[in-house]
1. Just a yes or no: is a residue in the stretch 372-395 more than 21 Å from the chain's Cα centre (by Cα) and assigned to a loop (DSSP other than H, G, I, E, B)?
2. Being within 14 Å of the ligand (Cβ to nearest atom), under 18 Å from S14 (Cβ atoms), crowded, with 22+ Cβ neighbours inside 10 Å and in contact (Cβ under 8 Å) with a residue 60 or more places away in the chain: is that true of A59 here?
3. Within the stretch 298-317, which residues are away from the ligand (no atom under 11 Å from the Cβ) and more than 16 Å from E328 (Cα to Cα)?
4. For the stretch 267-285, give me the residue count where each residue is among the hydroxyl-bearing types (S, T, Y) and modelled with pLDDT under 95.
5. Restricting attention to the stretch 113-126, does a residue exist that is outside any loop (DSSP other than H, G, I, E, B), over 26 Å from V288 (Cβ atoms), of a type outside the set (D, E, K, R) and more than 16 Å from the ligand (Cβ to nearest atom)?
6. Those residues that are basic (K, R) and over 19 Å from the mean Cα position of the chain (by Cα), I need them from the stretch 97-128; list them, please.
7. Can you list residue pairs whose Cβ atoms sit under 6 Å apart, with the first residue in the stretch 5-22 being under 18 Å from Q245 (Cβ atoms) and small (G, A, S) and the second being more than 14 Å from the ligand (Cβ to nearest atom) and in a strand (DSSP E or B)? Count only pairs 6 or more apart in sequence or on different chains.
8. Failed condition for K463, given (1) closer than 16 Å to A23 by Cα; (2) touching a residue at least 60 places away in the same chain (Cβ under 8 Å); (3) touching a strand residue (DSSP E or B) at 6+ places or on another chain (Cβ under 8 Å), with all others met?
Amino acid sequence: MNKYILSLDQGTTSSRAIVFDQAGNVVSLAQKEFTQHFPQAGWVEHDPREIWSTQAGVAAEATVKAGLNGTNIAAIGITNQRETTIVWNRATGQPVYNAIVWQDRRTAEYCNHLRETHREDLIRQKTGLVIDAYFSATKIRWILDNVPGAREQAEAGELAFGTVDTWLVWNLTRGVVHVTDVSNASRTLLFNIQTLDWDDDLLELFTIPRSMLPQVKASSEVYGETKTTIFASKVPIAGIAGDQQAALFGQMCVEPGMVKNTYGTGCFMLMNIGTQCLMPSDNVLTTVAWKVGGQVNYAFEGSIFIAGAVVQWLRDGLGIIRSSSEVETLAAQVEDSGGVSFVPAFTGLGTPHWNPYATGMMIGMTRGTKAAHIARASLEAIAYQTVEVLRAMEAAAGRPVKELRVDGGATANNLLMQFQADVLQTKVIRPTFTETTALGAAYLAGLAVGYWKDIDEIKRFWKAERVFEPTMAPEKVAEGFARWQRAIRTVLAWTR
Ligand code: G3P
């Protein structure tokens with residue numbers, strides 16, 4: 001009987017499950033959006049139980065749609081929104097607080113304090129990250145300090161912490177397995193990416209008991225078997241990676257120097273830097289890409305917090321489009337943004353500015369400004385933020401990036417992709433299959449159970465569907481980018 005791989009992709013706005021066959025083709029797909037909670041300005045939360053119930057629901061749906069039950073699934077791979085923090089009671093499995101989402105800025109003041117007390121170098125050297133509310137550690141600390149009784153329970157060993165991968169594995173195994181992988185661990189601000197272990201100095205700095213933390217594993221190995229009733233038999237869970245690292249793997253950026261950019265809620269550009277842990281400059285992050293076959297791979301990363309989410313905001317906040325795909329047609333009604341610049345810093349700014357207090361700004365409107373100009377300015381904002389990140393990445397790597405592999409929902413937008421190639425002055429390559437996050441997790445799981453022999457076998461599944469070549473005149477590119485930089489400077493000047 002044919003066997004398949006089930007990939008669970010738990011993202012910021014939806015839970016997805018995809019069944020893949022041995023040629024890397026999609027056999028079935030199920031997806032469900034879930035509730036976003038914004039209890040205060042700058043706060044973003046998810047209900048961990050809803051994360052689990054939607055993920056379990058789509059896993060069951062995709063399995064049934066493919067005409068499968070557990071027996072014909074060779075392995076499960078998990079990929080997830082990273083940094084999002086969940087703390088739960090080990091005995092009851094109940095979360096003590098909502099998941100604090102990676103976009104949440106509530107710990108920005110505390111991060112300032114860390115910077116003022118000169119912790120930046122220590123944290124940078126050990127974790128490869130900058131001090132920012134984005135990462136998990138300050139969120140865990142917030143839960144321990146603000147949920148009544150949490151700190152005492154944590155110190156008594158009664159609480160468990162996990163990023164979303166850990167939470168899913170815990171639930172899939174009914175509390176038997178408490179693990180994460182190196183790629184997710186590297187986003188917590190608690191993980192030493194040189195020694196590949198939780199770091200005692202950092203645990204002390206953030207006052208987090210080690211007993212809460214999951215065991216850190218490779219990205220491709222059997223962690224345990226399912227114990228849920230979703231599947232008719234036990235299925236091995238054999239791959240875990242944070243969604244951006246999984247996308248890098250799914251894009252087969254397995255050689256040093258290869259770069260991908262994923263256009264999801266945010267935009268995350270990762271460059272494979274090989275097996276050496278290099279520390280970059282220019283506010284680029286160093287992160288663990290994966291550990292496969294006993295070998296650790298590192299990556300440089302540039303993180304943009306709002307990309308596809310700006311289109312969602314045009315739909316749900318402004319109401320100028322009814323569905324996300326309408327943005328392309330609307331933006332195509334005009335030649336350019338008509339002088340409108342839009343910086344969608346809804347949850348602060350990431351690479352290269354790292355400013356948690358920045359907010360959105362739209363400037364340059366006249367009586368002639370139409371919805372189409374705003375749509376166009378929104379797409380331009382995604383592209384210009386990517387330019388800033390790519391330039392920082394090039395400076396960090398000390399060499400130019402010759403081509404960019406792209407994936408994620410917004411890459412279906414040809415207008416955006418062409419504009420991206422134009423303003424980057426770099427080739428933008430869209431593969432035939434753009435769900436590379438889920439595919440990467442499937443590959444990791446499949447490799448662990450011998451479903452695929454090695455990376456060379458899966459490399460041949462990657463194919464370019466379209467190459468966007470830059471065509472815009474360099475003077476026009478320079479003029480547009482200069483205007484964007486002015487807009488950014490204005491946002492930063494407005495920000496305290
Ligand atoms: O670091 C946050 C990132 O993992 C979120 O990814 O795809 O949910 O926007 P996504």
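The values are calculated or read from the model by the stated rules, or taken from the named source; none is laboratory data. Treat the numbers as computed from the prediction; the structure is a model and nothing was measured. Note: ideal-geometry Cβ built from the backbone for every residue, glycine included; neighbour counts use all protein chains shown.
1. No, the stretch 372-395 contains no residue that is more than 21 Å from the chain's Cα centre (by Cα) and assigned to a loop (DSSP other than H, G, I, E, B).
2. no
3. Y298, A299, F300, G302, D316, G317
4. Result for the stretch 267-285: 1.
5. yes
6. Kept after step one, since they are basic (K, R), are these residues of the stretch 97-128: 105-106, 115, 119, 124, 126.
Selection gives R106, R115, R119, R124, K126.
7. Within 6 Å, the pairs are S7/I18; S7/G77.
8. (2)
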